[in-house]
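The values are calculated or read from the model by the stated rules, or taken from the named source; none is laboratory data. Since the model is a prediction, treat every value here as computed from it, not as a measurement. Ideal geometry is used to build each Cβ from the backbone, glycine not excepted, and the neighbour counts take in all protein chains shown. In case anyone asks, the SASA skips ligands and DNA or RNA and just uses the protein heavy atoms, side chains included. Shrake-Rupley method; radii C 1.70, N 1.55, O 1.52, S 1.80 Å.
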Amino acid sequence: MAKPTYYTRPTFRPTRIPKIRLAHWKPVTAYTRYRWVVQALVVLSFILVPQFKLLKLDLTNNQYWLFGHEVSLRIALQAVVILWLGTYFINFFENYLVGRLLCGWICPWGLLNRLGMIINHLLRRHRRRQVILTGANLLFSTAATLVVMNWMVDLTVLLQPQHPYFGYVWAALGGLVAIGFVILHRMGFKFCETICPFGMYLTVVTQKNSLRVVFDTRRACVDCGLCTQVCPMDLSPREMDFNDHINGGFGQCILCGDCIDVCQERMALENLPPPLRWNAEDEIIPLLPPEATPARQP
Ligand code: SF4
Ligand code: SF4
């Protein structure tokens, strides 16, 4: 009797993965496309809000603005408190309902980490990779520090040696750039996992019923390892569901969607559905539909 075809183990194409950590930057699914758009809008709002004086506390000149109007320090501080509380509650409900989107979709620091990973990956064969990466991280840290300081000081003070706060503003800039550079260059996404208080809080409070990556065992996996390679949080997406949520589990996942993107790209080469998917997705296409399985002989 001829061997049924489904007993033949399929041979998949070999996958070549680079020796350096893979960085995925081309969105494959609508999910990652929206993520890039949201991250860009968040960064833009961080820059534009103080720039257009929608909210700005210029401590160097004792001037404060709210919605373009000069206001007293008390009103400006009240606006800051309302903004913080509003952000906290939105984040609380978002985390409760959806999951740890703050780190993967919103945090501008995560975006800088991601850019560093992409440069590191793109220049993996470049002789001067380390020098260029160091320069880029220094640039990112300086840009991030200037954006943050623009909320609290008048940056033109940096160009006014006669200003009483000239030295202080330069000292703050130098100190913050140095700290930011060390964090970006030495820690990358490890910072989100081990030092960032928001990250640690979200690891603990994230619930299993929120959005999370699942490994659908009914689908074929070619064991290429791309999902593990691409994960910025050093997780093993295929095993996340089986680990406790604080150590390598879904609590540490920042819902960036990169593992699902690479899995989709890789499995498209085999014309098969990706085994990694969101738990929100109901439609599951099994590798072998039930009707293809012949009935057992008694
Ligand atoms: S497991 Fe997937 S979605 Fe979660 S952080 Fe890693 S790559 Fe991103
Ligand atoms: S889950 Fe997808 S990306 Fe990960 S090893 Fe399997 S086929 Fe590759």
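Restricting the stretch 44-140 to chymotrypsin sites (Phe, Trp or Tyr not before Pro) that sit in a DSSP loop and have at most 13 other Cβ atoms within 10 Å of their own Cβ leaves PHE52, PHE67. Note on the stretch 30-202: with charges restricted to the Cβ of Lys and Arg (+1) and Asp and Glu (-1), its dipole about the Cα centre is near 940 debye. Need one word for the stretch 58-99: rounded, prolate or oblate. Basis is the Cα gyration tensor (sqrt eigenvalues a ≥ b ≥ c); a/c below 1.5 gives rounded, then a/b vs b/c decides. Prolate is the answer for the stretch 58-99, as a/c is 1.5 or above and a/b outweighs b/c. Other residues lying with their Cβ under 14 Å from the Cβ of HIS69 contribute a combined charge of 0, Lys and Arg counting +1, Asp and Glu -1. Taking 4.7 Å between beta carbons as the limit, the unpaired Cys residues of the chain are CYS103, CYS107, CYS192, CYS196, CYS221, CYS224, CYS231, CYS253, CYS256, CYS263. Please work out whether the stretch 94-198 counts as rounded, prolate or oblate from its C-alpha gyration tensor, where a ≥ b ≥ c are the square roots of the eigenvalues and a/c under 1.5 means rounded, while otherwise a/b larger than b/c means prolate and anything else oblate? Oblate, since a/c reaches 1.5 and b/c is not below a/b. Lys and Arg at +1, Asp and Glu at -1: add these up for the other residues within a Cβ distance under 13 Å of GLY135 and post the number. Net charge around GLY135: +2.
Work out the charge dipole of the chain with +1 on the Cβ of Lys and Arg and -1 on the Cβ of Asp and Glu about the Cα centre, then indicate which of PRO273, GLY110, VAL148 is farthest towards its positive end. Sorting the options by dipole projection puts first PRO273. Computed over the alpha-carbon pairs of the stretch 124-250, the distance histogram in 5 Å steps reads 2, 9, 12, 14, 13, 11, 12, 10, 6, 4, 3, 1, 1, 0, 0 percent, short to long. Contact order normalised by length for the stretch 32-76, with contacts defined as Cα pairs under 8 Å and 6 or more residues apart; what percent is it? RCO, the stretch 32-76: 24 percent. Structural descriptor for the stretch 15-134: relative contact order 27 percent, calculated from alpha carbon pairs under 8 angstrom and at least 6 residues apart.
Computed from the Cβ-Cβ distance with R0 of 51 Å, the FRET efficiency linking LEU54 to THR11 stands at 0.30. Taking 22 Å as the straight-line reach from the Cα of LYS190, the lysines in range (excluding those fewer than 8 positions away in the same chain) are LYS19.
For the chain, the relative contact order is 21 percent, taking Cα pairs closer than 8 Å that sit 6 or more residues apart in sequence and dividing their mean separation by the residue count.
Per q in 0.20 1/Å, what log10 I(q)/I(0) does a Debye calculation on the alpha-carbon atoms of the stretch 127-183 return? For the stretch 127-183 at q = 0.20 Å⁻¹, log10 I(q)/I(0) is -0.72. Computed from Cα atoms, the angle from the helix 166-182 axis to the main principal axis of the chain rounds to 10 degrees. At a probe radius of 1.4 angstrom, the accessible area of the chain per residue rounds to 60 square angstrom. Every Cα-Cα pair in the chain was counted, and those over 35 Å apart are 33% of them. Rounded to the nearest 20 debye, the dipole size of the stretch 32-134 about its Cα centre is 840 debye, using +1 on the Cβ of Lys and Arg and -1 on the Cβ of Asp and Glu. Per atom type, the chain shows carbon and sulfur on 66% of its accessible surface, probed at 1.4 Å. With point charges of +1 on the Cβ of Lys and Arg and -1 on the Cβ of Asp and Glu, referenced to the Cα centre of the chain, which listed residue (GLN229, CYS256, LEU176) lies farthest in the positive direction of the dipole? Result: GLN229. How would the stretch 24-142 be classified by its alpha-carbon gyration tensor: rounded, prolate or oblate, with rounded meaning a/c under 1.5 and the a/b versus b/c comparison settling the rest? Because a/c hits 1.5 or more and a/b fails to exceed b/c, the stretch 24-142 counts as oblate.
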